[in-house]
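The numbers here are math on the coordinates, done by the rules we state, and not lab data. Quick caveat, the model's predicted, so the values are computed rather than measured. Cβ sites come from the backbone with ideal geometry, for glycine too, and all protein chains shown count toward neighbours.
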Amino acid sequence: KDNTITSSKNVASEENIWIPTHVSDLDKCGHVVVKYEPTEDPKHPGFGDESYITRRAELNSIANNWKFGDQMPDIEYLPEENETWKISYLKLKELRESHTCEQYQRNIKQMEDIGLITAEKIPSLQAIDKYLRAKTGFQLRPCGGLLSARDFLASLAFRVFQTTLYTRHHSKPNHCPEPDLIHEILGHTPMFADPIVAEFSQEVGLLSIGASDEQIELLSTLYWFIIEFGLCEEDGKLKAIGAGLISAFGELQHACSDVPAHAPFDPYVTAVQKYEDSDYQPLYFVAKSMSDAMTKLRKYALDFDRQLINNIQNKI
Ligand code: TIH
Ligand code: FE2
């Protein structure tokens, strides 16, 4: 009798892979991965700072209570949060021309020209959301921390970018061990304003819908090595396309130098490469261009779909 129960449970759990079919289904994305929390990890720059921890919990709870259809929250950031933003923004600006790709430079310049991004204070998320919707149909929604890969990728399928609301700790304005608002705004939003980056991200997201846990791992690795830590070649020089590099002063220089290893972007290789999530990457992948990365992903996607169909058929 027990066996019957166990086996029917197993079948049910395999068949019960979450399949969001409407953008409002993303309200169910509450699966936060606890890593680098300032309450638990002595290596977190905010460890032991009670007022930082309280503020962060307050911002995360705003995010967790947000529902599809609500406006992006209009948060009044504290003077010290605006100060951290300013330091980080001005420092990154020094490396922009020499270290970031052409698409990034073009879009962030446009965002500055229309007054969306200034040094003085953290930009309005409502205004950035409006800008992205007009440029590529990408929209923002707030999240209360690092989401599970399945939730995060599913959101990309709907051109939704899940954005944290808290900022990095003021003691370390130039690097953060986890995503924070400065990373989201300075690293991601100018890239999601690019049509090919938007397409690439959505495609990875679409492949994740109904995928097995193993496939989710492949897709999040691809996302990691291009959208977070990818490089491309421009006029014989290495330039960052990845948001995790663009928003981190030290790693940006490290990635483009000849200290780490560099390999050509190839989804079949990249998707199975182990990555480092607590320190600088020892290896970066270099795309010929964002369009070339897109073409390669499309070929990979054909095989990937077949694999997915086999998985489903095996279950029936
Ligand atoms: N290291 C990035 C920064 O300092 O902006 C943040 C991260 C992005 C992805 C993982 S950690
Ligand atoms: Fe990110």
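Key figures
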{"quantity": "Chymotrypsin sites (Phe, Trp or Tyr not before Pro) lying in DSSP loop within the stretch 196-301, provided at most 15 other Cβ fall within 10 Å", "calculated": "Tyr275"}
{"quantity": "Coil-residue trypsin sites (Lys or Arg not before Pro) of the stretch 56-132, DSSP, other Cβ within 10 Å capped at 11", "calculated": "Lys67"}
{"quantity": "For Ser220, Ser148, order by how many other beta-carbon atoms lie within 10 Å, fewest first", "calculated": "Ser148, Ser220"}
{"quantity": "13 Å Cα-Cα reach of Lys299 towards aspartates and glutamates, excluding residues that sit fewer than 8 places from it in its own chain", "calculated": "Glu203, Asp266"}
{"quantity": "Estimated distance in nm for a label pair at Ser171 and Ser61, the labels positioned 7 Å out from Cα along Cα-to-Cβ", "calculated": "2.5"}
{"quantity": "Tail beyond 23 Å, pair distance distribution of the stretch 179-316 (Cα, percent)", "calculated": "33"}
{"quantity": "Sequence of Ile209, Ile108, Ile226 once ranked by neighbouring C-beta atoms within 10 Å, starting from the fewest", "calculated": "Ile209, Ile108, Ile226"}
{"quantity": "Debye log10 I(q)/I(0) at q = 0.15 Å⁻¹ for the stretch 114-209, Cα point scatterers", "calculated": "-0.59"}
{"quantity": "Partner lysines for Lys93 [C-alpha distance under 25 Å; skip if fewer than 8 residues away on the same chain]", "calculated": "Lys109, Lys121, Lys130, Lys135, Lys172, Lys237, Lys239, Lys288"}
{"quantity": "Relative contact order, percent, the stretch 175-240 [alpha-carbon distance under 8 Å, six or more residues apart]", "calculated": "17"}
{"quantity": "Taking His99, His31 and counting other C-beta atoms within 10 Å, the order from fewest to most", "calculated": "His31, His99"}
{"quantity": "Nearest-0.05 FRET efficiency for Leu90 and Phe68, computed from C-beta distance (R0 45 Å)", "calculated": "0.80"}
{"quantity": "Scattering curve values for the chain, log₁₀ I(q)/I(0), Debye with Cα scatterers, q = 0.16 Å⁻¹", "calculated": "-1.45"}
{"quantity": "Cα pair distances exceeding 16 angstrom across the stretch 53-120, given as percent", "calculated": "63"}
{"quantity": "Trypsin sites (Lys or Arg not before Pro) restricted to the stretch 237-296 and DSSP loop, no more than 11 other C-beta within 10 Å", "calculated": "Lys274"}
{"quantity": "Theoretical FRET efficiency, 1/(1+(r/R0)^6), r = Cβ-Cβ of His262 and Lys299, R0 22 Å, to 0.05", "calculated": "0.50"}
{"quantity": "Sites Ile19 and Glu233 - FRET efficiency at Förster radius 45 Å, r taken between beta-carbons, to 0.05", "calculated": "0.75"}
{"quantity": "20 Å reach of a label modelled at Lys28, 7 Å along Cα-to-Cβ, counting backbone N of the stretch 184-210", "calculated": "205-210"}
{"quantity": "Partners for Lys67 among aspartates and glutamates (Cα-Cα distance below 16 Å; same-chain residues under 8 apart left out)", "calculated": "Asp25, Asp27, Asp129, Asp151"}
{"quantity": "Contact order relative to length of the stretch 62-212, as percent, for alpha carbon pairs under 8 angstrom and 6 or more apart", "calculated": "29"}
